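The values are calculated or read from the model by the stated rules, or taken from the named source; none is laboratory data. Please read all numbers here as calculations on a predicted model, not as lab measurements. Ideal geometry is used to build each Cβ from the backbone, glycine not excepted, and the neighbour counts take in all protein chains shown. Just so you know, the surface numbers come from the protein's heavy atoms only, side chains and all, with ligands and any DNA or RNA stripped out. Shrake-Rupley method; radii C 1.70, N 1.55, O 1.52, S 1.80 Å.
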Amino acid sequence: MCSEPKPTILFTKGEIETTVRRLAGEISRDYRGKYPLLIGVLKGSFMFMADLIRLLDFPLEVEFIRLSSYGKDKESSGKVKVVQGLRSQIKGRDVLVIEDIVDTGLTTAFLLDYLQKKKPASLRLCSLTDKPSRRKAPVIIDYLGFTVPNKFLVGYGLDWNEKFRNLPDIGVLEDEE
Ligand code: IMP
């Protein structure tokens, strides 16, 4: 059996907790009293979403959307489509998109445009990580956890070929020959 790549830790569980707490504080300050709709982008954001909303002590609604953009490896196909859509009404809602990572930005830019067409009262983006060096489509991140280098990240919901989502830390997969 060929050997599994082994991630090198970039952010520990403790560093992630501190950052999620900071983001929850920023989001609470802006959304308390508004009943926002938080839309998590599957699958990568599920762990972040779960930790984040436990720290938000005001009424909110949770939805998930699933988009496809990546192939089986580390590169985006560039073509985005909705694989699993939304049940909640978007029109007139204060919508906050919860992303795991903005890499090229193609997926997020597509999603924000898709949601904007549904006429929300407001639309903002929270992303745990941002890889600005890879950007192809401009994206404004209103609530950002970590700016990350141009490396492939795994753990805390992020996968490589569906593996490593369960790591409590965020690690980097180095390219192997
Ligand atoms: P983008 O369209 O290139 O911004 O990529 C969007 C999606 O690709 C993210 O929501 C992730 O699911 C996946 N992705 C991008 N970079 C990484 C990474 O470093 N690790 C794991 N998944 C990634």
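Brief remarks on what is shown
- Looking only at region 1-34, and only at residues there that are polar (S, T, N, Q) and more than 17 Å from residue 100 (Cα to Cα), the one that is most open to solvent (accessible area, probe 1.4 Å): 3
- If you go through region 92-109 and pick out every residue that is out of contact with any helix residue (DSSP H, G or I) (no Cβ under 6 Å at 6 or more places or on another chain) and more than 20 Å from residue 49 (Cα to Cα), you end up with 2.
- Condition met for residue 95 (within 11 Å of the ligand (Cβ to nearest atom) and hydrophobic (A, V, I, L, M, F, W, C)): no
- Residue check for residue 65: open to solvent by less than 80 Å² (accessible area, probe 1.4 Å), at pLDDT 95 or above, out of contact with any His (no Cβ under 6 Å at 6 or more places or on another chain) and within 16 Å of the ligand (Cβ to nearest atom): yes
- Residue in region 102-115 that is out of contact with any Lys or Arg (no Cβ under 8 Å at 6 or more places or on another chain), part of a strand (DSSP E or B) and either within 7 Å of the ligand (Cβ to nearest atom) or hydrophobic (A, V, I, L, M, F, W, C) (or both) present: no
- Verdict on residue 122 being small (Gly, Ala, Ser), open to solvent by 40 Å² or more (accessible area, probe 1.4 Å) and more than 9 Å from the ligand (Cβ to nearest atom): no
- If the condition is being under 20 Å from residue 14 (Cβ atoms) and open to solvent by less than 40 Å² (accessible area, probe 1.4 Å), then region 144-169 contributes 145, 146, 148, 153, 154, 155, 156, 157, 158, 164, 165, 169.
- Test: residue in region 137-153 that is farther than 25 Å from residue 26 by Cα and in a strand (DSSP E or B): yes
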